[in-house]
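The next block holds one structure in the form of structure tokens; read it before the comments.
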Amino acid sequence: MAYANTTRAASTGPVDRIAQIYRTLAEALARRRIFRQTRRELNALTARELADLGIHRSQITRIALEAAYGK
């Protein structure tokens, strides 16, 4: 019995590396955009609105980081 086994080596040429760098950069920019938007929106809230949400103003950066990058 004959078996045909074909394997394809992962292409790591210069074009693939540039494409990966582009994807990584695009993802980083998207996460940064989420961080900045979340922080901006929470900073726009009044102290009363933040209290209603159970958030202290000192927690805004941490919350924005979790929204963008996870825990």
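Each reported figure results from applying straightforward, stated rules to the coordinates on display, with no laboratory input. Predicted model only: the values in this text are computed from it and were never measured.
Some points to look at:
- Size descriptors for the chain (Cα atoms only): Rg and Dmax, in that order, 22.1, 77 Å.
- Extension reserve of the Leu25-Leu45 stretch, reckoned as 0.36 nm per residue once the Cα distance is removed: 4.1 nm
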